[in-house]
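Structure first, then comments.
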Amino acid sequence: MKTFIAVLTIFLLSLQCDRFQFGSNQTKDDQAGAVVTFLQGNIFITTQGKESKAKIGDVIRPGDRIITKLGRVDLQTYRGEVIRIKDNSDVLFRDIAGASRQNTDIHLWTGNLLVKSVKLKSGQNLSVTSPTMVAGVRGTVFSFELEKGSVPKVKVYEGAVSVAFKTSPKLIELNEGLSKENYTRLVKTLEENEVVLEPGEKLEVNPNLNELVYLINAKVATGALTGDELSGFVDFENGLSKVNAIVSPQEKAEVETLVSIPGETIQKQIDSQNADNTDVTTQTIEKEHSEKRIEALNRIASEAEKTGLDNEEEIHSHYSVLETIHKANGEVLSGAVVAQLGDIFIVHSTKGVFQLSVDDIEYVEYRNFKVKTRAKR
């Protein structure tokens with residue numbers, strides 16, 4: 001058994017210290033930060049224990065936490081990464097790249113992220129972690145979702161993402177609940193657990209192993225993990241795998257809306273906040289992001305028009321949804337909401353493709369689509 005303990009010790013220590021060593025650069029760097037470039041709804045930032053409501057131009061620093069309720073927020077780092085935190089998310093920025101800090105390390109407690117990385121240089125890292133998982137990327141666009149009581153979901157739209165379980169080396173002190181056979185299987189699975197996801201692929205996770213990793217990480221620090229809890233886990237053969245995933249037109253459109261503004265504006269905002277002077281730059285952020293949003297929405301609308309879809313069956317087949325959009329003026333459109341950013345909706349209807357403001361729409365109804373067929377005689 002000591003042999004197996006030694007093997008696991010070496011493996012897990014190397015996993016933690018070398019292969020996925022993100023967010024470890026603690027060099028003081030006044031430029032390390034991310035700027036709020038766009039937001040909707042109620043977004044709250046906690047800095048050194050103090051909570052405040054987020055606004056355009058706020059600078060997020062390493063150690064800050066963001067909680068979104070009915071809202072979402074876009075951030076852009078000093079290095080150029082763009083991060084969208086969606087509704088009902090709880091996110092901790094363990095580290096953020098700056099002029100000298102090399103790492104951006106985002107921890108998702110719950111919720112949904114959409115991340116667009118820049119092309120990173122040697123020694124630079126961007127990682128997203130959850131209580132059980134770590135995803136490391138280089139020049140990519142991907143989503144990372146974690147619902148309470150569920151396994152992490154990772155989906156790649158551009159580039160590649162490597163994903164692995166995040167486990168504690170202290171498992172070796174608490175292995176009395178595992179038989180020798182199961183212990184060996186666990187070691188083998190953890191050694192081979194990394195997968196690399198490419199565009200159009202998503203992560204599949206063994207929920208039993210995910211639960212075990214969660215228990216280890218949550219309880220091992222306090223010595224609360226018992227042998228009895230370990231003994232119930234036997235499904236170790238399959239850890240992580242990947243499958244092909246359909247990328248919907250709505251997902252493609254949302255990726256398109258994840259826009260960035262000039263890096264010098266972001267850098268100026270971080271520098272100006274250091275000097276307690278942000279008004280002028282904040283106005284520039286709002287203007288530049290608005291221009292980029294309009295460009296993105298125009299491209300989305302143009303792509304929708306190119307499909308030439310003009311009846312309910314075709315629209316439903318293409319977007320996998322059919323909706324009734326009730327306009328404030330009483331007009332009713334049948335089609336699908338392709339994208340929504342800020343106060344603008346892109347609607348592909350049987351009457352054409354429209355950009356509608358939120359004030360133009362009374363409400364949207366989701367419909368169960370039925371194809372009428374000739375009645376039997």
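The values are calculated or read from the model by the stated rules, or taken from the named source; none is laboratory data. None of these values were measured; they are calculated from a predicted model. Cβ coordinates were reconstructed from backbone atoms using ideal geometry, including for glycine residues, and neighbour counts include every protein chain displayed.
The table for this structure:
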quantity: Residues of the range 241-290 satisfying the condition of being in contact with an Asp or Glu (Cβ under 8 Å, 6 or more places away or on another chain), touching a residue at least 60 places away in the same chain (Cβ under 8 Å), in a loop (DSSP other than H, G, I, E, B) and over 30 Å from PHE165 (Cβ atoms); calculated: VAL259, ILE261
quantity: Per-region count, the range 304-319, residues touching a strand residue (DSSP E or B) at 6+ places or on another chain (Cβ under 9 Å) and surrounded by 13 or more Cβ atoms within 10 Å (Cβ to Cβ); calculated: 9
quantity: Members of the range 47-92 that are in contact with a helix residue (DSSP H, G or I) (Cβ under 6 Å, 6 or more places away or on another chain), over 23 Å from VAL134 (Cβ atoms) and surrounded by fewer than 23 Cβ atoms within 10 Å (Cβ to Cβ); calculated: ILE56, GLY57
quantity: Selection within the range 253-284 - closer than 19 Å to ILE85 by Cβ and either at pLDDT 95 or above or out of contact with any helix residue (DSSP H, G or I) (no Cβ under 6 Å at 6 or more places or on another chain) (or both); calculated: ALA253, GLU254, VAL255, GLU256, THR257, LEU258, VAL259, SER260, ILE261, ILE266, ILE270
quantity: Identity of the residue in the range 164-199, touching an Asp or Glu at 6+ places or on another chain (Cβ under 7 Å) and not in a helix (DSSP H, G or I), that ends up modelled with the lowest pLDDT; calculated: GLY177
quantity: Elements of type strands (runs of 3 or more DSSP E) contained in the range 32-91, each with 3 or more residues being farther than 18 Å from VAL259 by Cα and without any contact (Cβ under 8 Å) to a residue 24 or more places away in the chain; calculated: 34-47, 50-53
quantity: Residue within the range 225-245 that is surrounded by fewer than 16 Cβ atoms within 10 Å (Cβ to Cβ), closer than 30 Å to ALA339 by Cα, modelled with pLDDT of 85 or more and of a type outside the set (S, T, N, Q) present; calculated: yes
